[in-house]
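Worksheet for the structure shown next.
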Amino acid sequence: MKTAKANARNIEEKERTNTLANSLTIKQEARTSKLNPTYQVGPDSSVEKQTQYGLRRPVKYAHLLEFGTAPHYQPGRGVVHPGSRPEPFLTPAYFETRDQVVKRFGDKIGPEMEKRAAKLAAKQAK
């Protein structure tokens, strides 16, 4: 997550608040089972900051920065926005640290998978 936060801090913004970088987290989804946990990687939905440009909630715009936007009409402003180029911060962080990510993932789920395999083998032997 350190790499993703560093990448987010390097994105050019109208105003440097580091709200996006500070909101990045890895957390377990609340409604997942202990046997099959699901994790969220990205901005925490509870993070928001009031700035001169209004309320910033990174969960609302992080994907737009990561992947960019196509030109689109903005009816509230009555203009066509030219779109924006992608400013990826999560994808490069993953590719830079993927060996560590895969190892941590294996260390975390490996023992549980071995337990399940042993239970299934014992069940089959009966």
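Scanning region 39-63 for residues that are open to solvent by 70 Å² or more (accessible area, probe 1.4 Å) and of a type in the set (Val, Ile, Thr) returns a single hit, Val41. Counting only residues that are basic (Lys, Arg) and free of Cβ contacts under 8 Å to residues at least 24 places away in the same chain, which one in region 6-38 is most open to solvent (accessible area, probe 1.4 Å)? Out of the qualifying residues, it is Arg31.
Residue-by-condition table, conditions (1) out of contact with any Asp or Glu (no Cβ under 7 Å at 6 or more places or on another chain); (2) small (Gly, Ala, Ser):
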site	(1), (2)
Glu13	yes, no
Thr19	yes, no
Gln28	yes, no
Ser33	yes, yes
Gln40	no, no
His63	yes, no
Arg85	yes, no
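Would you be able to say whether some residue in region 71-91 is among the hydroxyl-bearing types (Ser, Thr, Tyr) and in contact with a strand residue (DSSP E or B) (Cβ under 8 Å, 6 or more places away or on another chain)? Yes; the residues of region 71-91 include at least one that is among the hydroxyl-bearing types (Ser, Thr, Tyr) and in contact with a strand residue (DSSP E or B) (Cβ under 8 Å, 6 or more places away or on another chain).
A count restricted to region 88-102 and to residues that are over 14 Å from the mean Cα position of the chain (by Cα) and at pLDDT 90 or above stands at 5.
When the residues of region 1-13 are filtered to those that are assigned to a loop (DSSP other than H, G, I, E, B) and hydrophobic (A, V, I, L, M, F, W, C), which remaining residue is farthest from the chain's Cα centre (by Cα)?
For region 1-13, the residue satisfying everything is Ile11.
With respect to the conditions (1) touching a residue at least 24 places away in the same chain (Cβ under 8 Å); (2) touching a Pro at 6+ places or on another chain (Cβ under 7 Å); (3) not hydrophobic (A, V, I, L, M, F, W, C), Gly68 lacks only one, and its number is (1). Mind listing whichever residues of region 87-126 are loosely packed, with under 10 Cβ neighbours inside 10 Å and touching a helix residue (DSSP H, G or I) at 6+ places or on another chain (Cβ under 6 Å)? Across region 87-126, there are no qualifying residues.
Of all residues in region 69-86, how many are open to solvent by 90 Å² or more (accessible area, probe 1.4 Å) and among the hydrophobic types (A, V, I, L, M, F, W, C)? Step through it out loud before you land on a result.
Initially, region 69-86 is screened for residues open to solvent by 90 Å² or more (accessible area, probe 1.4 Å), giving 71, 73, 75, 77, 80, 82, 85.
Then keep just the ones that are among the hydrophobic types (A, V, I, L, M, F, W, C); that gives 80.
Of the residues in that region, 1 qualify.
What do you reckon, is Glu66 surrounded by 15 or more Cβ atoms within 10 Å (Cβ to Cβ) and at pLDDT 90 or above? If you could, list the steps in order and put the result at the bottom.
Values: surrounded by 15 or more Cβ atoms within 10 Å (Cβ to Cβ): yes; at pLDDT 90 or above: yes.
It is true that Glu66 is surrounded by 15 or more Cβ atoms within 10 Å (Cβ to Cβ) and at pLDDT 90 or above.
The values are calculated or read from the model by the stated rules, or taken from the named source; none is laboratory data. Remember, it's a predicted structure, so these values are computed and weren't measured experimentally. Quick reminder, even Gly has a Cβ in these numbers, built from the backbone with ideal geometry, and neighbours come from all protein chains shown. Accessible surface is based on the protein model in full, side chains and every heavy atom, while ligands, DNA and RNA are left aside. Shrake-Rupley method; radii C 1.70, N 1.55, O 1.52, S 1.80 Å.
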